[in-house]
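Colleague: Mind looking over this structure? Questions follow.
The values are calculated or read from the model by the stated rules, or taken from the named source; none is laboratory data. Fair warning: this is a prediction, and the values are worked out from it, not measured in the lab. With ideal geometry, Cβ positions are generated from the backbone for all residues, glycine too; neighbour counts draw on all protein chains shown. Note: accessible area is taken over every heavy atom of the protein model, side chains too, but ligands, DNA and RNA are not part of it. Shrake-Rupley method; radii C 1.70, N 1.55, O 1.52, S 1.80 Å.
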Amino acid sequence: MMQGLVLAFWLVVGILAGIVYFMSIWWSAQRFTHEGGLTTTLAVALLRLATLGGLLVFASFQGAGPLLAMALGVVLARFGVMRRFRAVAS
């Protein structure tokens, strides 16, 4: 029972982290193409990568299950965000 809750927690963390990660990629692309701001765009990219990497490393310290659950959450978030922005871009 407790292991299931832990995995569900890491899945939700992965989904939320993935949503923030992929939406910030969209934001960075829009800022870079329309407004310039190379310094801010690079800073956000580094922050985005460090945050997701740090969360994945922290999940890996909890074991293989939490790491896989979080990675699955990130992949699921990617599908959701890409579907949303595909409709916006069309």
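Colleague: Hey, can you find the accessible area per residue of the chain for me, probe 1.4 Å, expressed in square angstrom?
Modeller: Numbers: 6090 Å² over 90 residues.
Accessible surface, normalised per residue, equals 68 Å².
Colleague: How far is it, in nm, from the label point at S24 to the one at Q3 when both lie 7 Å from their Cα along the line to the Cβ?
Modeller: 3.3
Colleague: Let me ask another. Quick one: among G14, G73, G37, which has the greatest mean-square fluctuation in a GNM of the chain with alpha-carbon springs under 10 angstrom?
Modeller: Maximum among the listed residues: G37.
Colleague: Relative contact order for the chain: what percent, with Cα pairs under 8 Å and sequence separation of 6 or more?
Modeller: On the way: 77 pairs, mean separation 45.2, N = 90.
With pairs under 8 Å counted, the relative contact order is 50 percent.
Colleague: Next up: With a 1.4 Å probe and all protein chains left in place, how much of the accessible area of segment 1-47 comes from carbon and sulfur atoms, in whole percent? Spell out each step's value before the answer.
Modeller: Working: 2600 of 3270 Å².
About 79 percent, which is the carbon plus sulfur part of the accessible surface.
Colleague: Within segment 34-52, name every residue whose backbone N is under 20 Å away from a label modeled 7 Å from Cα of L16 along the Cβ vector.
Modeller: Residues passing the 20 Å test: 47-52.
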